[in-house]
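Following: one structure in structure tokens, then a few remarks.
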Amino acid sequence: MALGTGDIDCLYHIALPELIESVDKDEFPDAYEMLHTMVAGRRIRDLTDLPLDLAV
């Protein structure tokens, strides 16, 4: 996943809530920070958002 380089617009994850939950429980602050940065920047999104994004 490229942050700010324009290589990849966003990634749709099949289990994003579960991924966020597992990263939040773990002891890896780097993973926590990176995941939340990507979610806040809409670089990684839930798969259920895909149909809505395609309809626009």
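A few remarks follow.
- Taking each residue of the stretch 24-41 that is free of Cβ contacts under 8 Å to residues at least 40 places away in the same chain and looking for partners that are exposed (fewer than 14 other Cβ atoms within 10 Å of the Cβ) with beta-carbon atoms closer than 7 Å, six or more apart or interchain, yields TYR32/ASP24; MET38/MET1.
- Per this entry, LEU16 is counted among residues that are surrounded by 15 or more Cβ atoms within 10 Å (Cβ to Cβ) and within 10 Å of the chain's Cα centre (by Cα).
No value in this document is a laboratory result; all are computed from the given coordinates. It should be emphasised that the depicted structure is a prediction, and the values quoted were computed from it without experimental measurement. When we count neighbours, we look across all protein chains shown, and the Cβ atoms used for this are built from the backbone with ideal geometry, even at glycine.
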